[in-house]
Amino acid sequence: MIPTFKANYEVANYQPLLEYLNEGGLYGGYFRKIFLYDTIGNTGHTNTFVKCEFVCQKHNKLADFNLFIAKNGDFTYTTSKGEKESYLGFRQLNAIMLFLGIEELDLSKKTKANIYGKETEATSLDELTNKTLLLGFDTEEFLNKNNQVENKIVLSRIFNSKLQSLDEFKNQKEPVVYKNFKAKHKKLPQEQNEFQVQSISFDPYAQNFNQKPQQTNTLDATLEDDGELPF
């Protein structure tokens with residue numbers, strides 16, 4: 001005989017623990033959680049991010065990553081040529097919305113989310129969850145708080161459930177581009193001296209969005225030839 005109990009949202013919304021993804025490649029799955037949130041930078045400006053938890057179904061891993069979409073409410077920045085460009089994260093968010101048939105986000109669902117260990121005021125973007133996508137990830141090296149080198153994933157390409165790129169989806173073409181995807185790996189600068197290595201640690205709240213290009217290695221992340229989809 002079990003004791004009496006009351007239904008609980010925390011129990012009902014339990015998410016199984018998954019190993020974090022730290023390898024580049026193509027992964028099929030869905031967003032189990034996705035939040036919009038703001039942080040205040042060192043100079044007082046407001047950075048807006050999208051925090052993504054993407055379940056890689058075939059590999060049973062969790063891709064946990066951020067998209068930087070706006071600074072002080074502006075989705076664009078000015079290039080060295082004086083031209084306006086949309087932030088990469090904002091372009092990626094638009095691609096996700098178009099693939100999932102979402103024309104406009106509902107920004108009314110306010111909540112508190114655990115963002116890298118901090119309880120943060122956020123907006124839950126539930127309309128983007130539990131719908132299949134194919135994502136391509138690159139990797140980058142960073143120094144954690146213990147000054148150890150680790151890999152983090154970086155969203156590189158987005159395909160829909162039919163494996164189409166945005167151009168193929170828009171123009172109703174057969175999917176071909178995904179077959180040529182190759183994940184890239186960015187290493188820490190080799191010229192870093194010991195003092196720099198000991199003084200730098202990764203802080204997701206103080207990201208530098210104007211980093212100089214670094215040498216990358218290319219990893220072959222194309223799909224197997226047996227026709228098996230990565231879902």
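The values are calculated or read from the model by the stated rules, or taken from the named source; none is laboratory data. Fair warning: this is a prediction, and the values are worked out from it, not measured in the lab. We place every Cβ from the backbone using ideal geometry, glycine too, and count neighbours over all the protein chains shown. Protein only, heavy atoms only, side chains kept; ligands, DNA and RNA dropped before computing areas. Shrake-Rupley method; radii C 1.70, N 1.55, O 1.52, S 1.80 Å.
The figures follow:
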| read-out | value |
| --- | --- |
| Set K109/K182; K109/K184; K112/K170; K51/K184; K6/K162; K109/K187 screened for pairs whose C-alpha atoms are more than 32 Å apart | K109/K182; K109/K184; K112/K170; K6/K162; K109/K187 |
| Three-way shape label, the stretch 88-189, alpha-carbon gyration tensor, a/c 1.5 | oblate |
| FRET E, pair N171, L88, Förster distance 25 Å, beta-carbon r, rounded to 0.05 | 0.65 |
| Proximal charge balance of N22 [Cβ under 15 Å; K/R count +1, D/E count -1] | -3 |
| Per residue accessible area of the stretch 28-68, 1.4 Å probe, in Å² | 36 Å² |
| Listed residues S80, S86, S161 arranged by accessible area, highest first, probe 1.4 Å | S80, S161, S86 |
| Part-to-part distance (alpha-carbon centres) for the stretch 50-80 and the stretch 101-180, which is given in Å | 6 Å |
| Zone residues, the stretch 124-161, relative to S108, backbone N less than 20 Å from point 7 Å out along Cα-to-Cβ | 124-129 |
| Fully extended contour minus Cα-Cα distance, from E23 to E141, at 0.36 nm per residue | 41.4 nm |
| Under 15 Å, Cβ to Cβ, from F75 - net charge with Lys/Arg +1 and Asp/Glu -1 | -2 |
